[in-house]
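One structure is given below, encoded as structure tokens.
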Amino acid sequence: MKKIIVSALLAAATFCGFSLEADGLKNLSGQPPKGGRFVTPTDLVWPANAGQGDVCLWKDDKFAALAITIDDNCKPDHEWWLKICDELGIKVTWFVITDRVGKVNVNFNGTWADWQKLADAGHSIQSHSTDHKSDKKDGSYKMTEEEIAAQYSDSLAVINENVTNNFACTIAYPNGVAHPEIAARYAIGARGVYGVPSAANNINYMCTNKGAASQAFIDAILYGKSEHEPKWMQNRPNLKRGLNIILYHLVHWGRTPEQIEQSVANVEAEVRNIAKYKDVIWIARFDDLMKYGQERDTAKLVVDPISKPGEMSFKLTCDMDTKIFDYPLTIKLCLGKGATQVKATQGDKSVPARIVEHDGKAYAIVDALPNGVPVKVSYK
Ligand SMILES: [Zn+2]
């Protein structure tokens, strides 16, 4: 079955610019299997014995994950987002309608220089299609497959031609009208609009859910329950440790100065509240989340038997094409008792590694690419 998926994607790759020598999956398209791709751990995982390891559910062994995404260009908000994200140490993802950049109402849609500035600040510039057109819900307008394919592929290509320091590889569907099977030819992930966080083991990568910034949605991914409104979000045990993707449009919005001020104040309060959780929630760019999730869902970790005290090694692979899927996974290794220092290398490169303690044992937290290049960990 897996072989068939690979060849179908490679066939699609011939006309979308993905490399033909590709040696892995471009995305996990389609609905996850019933019950999810794995059993989500309800708490952080602590392998019991020295020499055992685990692929962390989220980067840096965070408990849950969240992305802030912004649609429809919204140039009047650019400086505001740059400033508050800089202050709070978070990055956001912009889904850009590319035909409008530098052409239509530039004060609202910005120029490529504006998007470069955001990319240079570490924010992610992704596609919200070329022109934001979609099928009309009343059936009065229906796009052809060619038109939809062009909307997705051309918008990604034009971002990658015009913005450096950034890789456009994900889409937010215009008007929430999703064509995941078409998007899967060009993108590694796409945001849909179904309004609930995603369970970690059950992410539909080519049409993710969308959550919200309010406390009940934050509580859902942290505790699986909440005392806050809305009621239908108050008892969601399967969302514990899940992924909450938040969508904003224009923040400086309103007919009067008072309305605009209120709108900005509301969003600012939400964003400041979210940032308070940054030690436990991975606040990430959408493209990084899509990479991490699909690498993790298909990862294989093989820790070698310990042959020398103070040294461990492992190999990490995944089913994804690691030329695109180049985001490190976080690996947790049990080192046993007493270690206080750790160093790690993957191939000839040193990679981030640190020690955490739990229950009297030392654990190494190591970032490694899932590309099969062996990782050596030394500790004392
Ligand atoms: Zn939109």
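The values are calculated or read from the model by the stated rules, or taken from the named source; none is laboratory data. These numbers come from a predicted model, not from an experiment. Cβ sites come from the backbone with ideal geometry, for glycine too, and all protein chains shown count toward neighbours.
Before moving on, here are some points about what is shown:
- Selection status of GLY192, within 15 Å of the ligand (Cβ to nearest atom), assigned by TED's automatic domain parsing to the domain that holds THR93 and modelled with pLDDT under 95: no
- Residue ID - surrounded by the fewest Cβ atoms within 10 Å (Cβ to Cβ), chosen from residues in the stretch 170-188 that are part of a helix (DSSP H, G or I) and within 16 Å of the ligand (Cβ to nearest atom): ASN175
- Among (1) over 21 Å from PRO197 (Cα atoms); (2) of a type outside the set (A, V, I, L, M); (3) modelled with pLDDT of 95 or more - the single one GLU295 does not satisfy: (1)
- Scanning the stretch 324-338 for residues that are in a loop (DSSP other than H, G, I, E, B), out of contact with any Gly (no Cβ under 8 Å at 6 or more places or on another chain) and not acidic (Asp, Glu) turns up ILE324, TYR327, PRO328, GLY338.
- Candidate set: the stretch 61-74, residues that are more than 14 Å from the chain's Cα centre (by Cα) and more than 16 Å from the ligand (Cβ to nearest atom); chosen: the one farthest from MET312 (Cα to Cα): PHE63
- ASN165 meets all of the listed conditions (1) closer than 29 Å to ILE274 by Cβ; (2) outside any strand (DSSP E or B); (3) within 16 Å of the ligand (Cβ to nearest atom) but one, namely (3).
- The stretch 89-104: number of residues that are touching a residue at least 60 places away in the same chain (Cβ under 8 Å) and closer than 24 Å to ASN209 by Cβ: 7
- Checked against (1) assigned to a helix (DSSP H, G or I); (2) away from the ligand (no atom under 16 Å from the Cβ); (3) charged (D, E, K, R), ASP99 passes all but condition (2).
- Subset of the stretch 117-133 that is buried (at least 20 other Cβ atoms within 10 Å of the Cβ) and within 14 Å of the ligand (Cβ to nearest atom) - its residue that is nearest to the chain's Cα centre (by Cα): GLN126
- Inside the stretch 53-71, residues that are among the acidic types (Asp, Glu) and under 27 Å from TRP253 (Cβ atoms) make up a count of 1.
- Of note, ASP138 satisfies the criterion of being over 15 Å from THR164 (Cβ atoms) and at pLDDT below 95.
- Within the stretch 340-355, residues that are assigned to a loop (DSSP other than H, G, I, E, B) have Cβ atoms under 6 Å from residues that are surrounded by 12 or more Cβ atoms within 10 Å (Cβ to Cβ) and not basic (Lys, Arg) in these pairs: GLY347/VAL373; PRO352/ASP367, counting only partners at least 6 apart in sequence or on another chain.
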